[in-house]
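A.B. asks: Below you'll find the structure I mean.
The values are calculated or read from the model by the stated rules, or taken from the named source; none is laboratory data. Since the model is a prediction, treat every value here as computed from it, not as a measurement. Glycine gets a Cβ as well: all are built from the backbone with ideal geometry, and neighbour counts include every protein chain shown.
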Amino acid sequence: MGGKNLALQNAPTGDYTVQTRLLFTPTSKYQKAGLVVYRDNANYLMLGRAYCNESPPTCVGNGIYFDLVEGNTGVGGNYPMSTTKTSEAYLRIVRRDNIYAGYYSEDGTHWTLVGVHTASVVLPYLGLTAVSDLANAQIPADFDYVDIAPPSN
């Protein structure tokens with residue numbers, strides 16, 4: 001994941017919801033931005049918009065992806081989701097115990113479940129991340145806000 005474009009804070013104790021609105025249009029493989037629940041570069045959960053050009057069903061090009069990485073290995077699926085809006089995304093992660101549900105919305109009101117991950121490691125931080133492609137091409141990622149509250153959905 002890398003730490004260059006990673007803004008973190010301590011996660012609340014107990015259950016919570018974290019949400020943001022992201023403006024981001026990835027155009028090449030490995031460009032991604034979104035919400036992250038984090039321990040270190042080998043253990044994290046990320047919900048965001050990314051570009052992936054592998055074969056379906058693993059990738060959908062510019063879409064929403066929900067990944068859990070433990071010990072540098074992807075756990076479970078990455079839940080690729082195509083969207084009609086390719087540059088804007090409302091993102092929400094709901095934590096209950098060690099279960100994390102990722103949601104996506106096009107309007108910030110109507111939410112669609114992207115997927116659910118169960119983490120076997122403690123993820124004590126949460127925040128925002130933006131990652132460039134392998135060529136280190138710069139791409140802007142704009143976050144309107146970050147809201148942390150008791151669980152919803």
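A.B. asks: Scan the stretch 104-121 residue by residue and report those that are assigned to a loop (DSSP other than H, G, I, E, B) and touching a residue at least 12 places away in the same chain (Cβ under 8 Å). I'd like the intermediate steps shown before the answer.
C.D. replies: Filtering the stretch 104-121 down to residues assigned to a loop (DSSP other than H, G, I, E, B) leaves 106-111, 119-121.
Hits for the stretch 104-121 are 106, 107, 108, 111, 119, 120, 121.
A.B. asks: Mind checking which pairs have a first residue in the stretch 12-37 that is of a type in the set (Lys, Arg) and modelled with pLDDT of 95 or more and a second that is surrounded by fewer than 21 Cβ atoms within 10 Å (Cβ to Cβ) and assigned to a loop (DSSP other than H, G, I, E, B), Cβ under 8 Å, 6 or more apart or different chains?
C.D. replies: Close Cβ pairs (under 8 Å, with a partner that is surrounded by fewer than 21 Cβ atoms within 10 Å (Cβ to Cβ) and assigned to a loop (DSSP other than H, G, I, E, B)) amount to 21/108.
A.B. asks: Of everything in the stretch 47-60, what is among the hydrophobic types (A, V, I, L, M, F, W, C) and either surrounded by fewer than 24 Cβ atoms within 10 Å (Cβ to Cβ) or more than 14 Å from the chain's Cα centre (by Cα) (or both)? Give them in sequence order.
C.D. replies: 52, 59, 60
A.B. asks: Here is a further query. When you look at residue 39, is it basic (Lys, Arg) and over 14 Å from residue 129 (Cβ atoms), yes or no?
C.D. replies: Values: basic (Lys, Arg): yes; over 14 Å from residue 129 (Cβ atoms): no.
No, not satisfied.
A.B. asks: Follow-up. Across the stretch 61-99, what is the number of residues that are crowded, with 19+ Cβ neighbours inside 10 Å and outside any strand (DSSP E or B)?
C.D. replies: Looking only at that region, the number is 3.
A.B. asks: Across the stretch 4-51, what is the number of residues that are farther than 18 Å from residue 136 by Cα, in a loop (DSSP other than H, G, I, E, B) and in contact with a Pro (Cβ under 8 Å, 6 or more places away or on another chain)?
C.D. replies: Residues in the stretch 4-51 being farther than 18 Å from residue 136 by Cα, in a loop (DSSP other than H, G, I, E, B) and in contact with a Pro (Cβ under 8 Å, 6 or more places away or on another chain): 2 in total.
A.B. asks: Then there is this: Residues in the stretch 83-103: is at least one free of Cβ contacts under 8 Å to residues at least 40 places away in the same chain, touching a strand residue (DSSP E or B) at 6+ places or on another chain (Cβ under 6 Å) and on the phi > 0 side of the Ramachandran plot?
C.D. replies: no
A.B. asks: Any residue in the stretch 122-139 that's free of Cβ contacts under 8 Å to residues at least 60 places away in the same chain and outside any strand (DSSP E or B): show its pairings with residues that are surrounded by 16 or more Cβ atoms within 10 Å (Cβ to Cβ) and not acidic (Asp, Glu) at Cβ separation under 7 Å, as long as the two are six or more apart or on different chains.
C.D. replies: Taking only residues 6 or more apart or on different chains, the pairs are 138/132.
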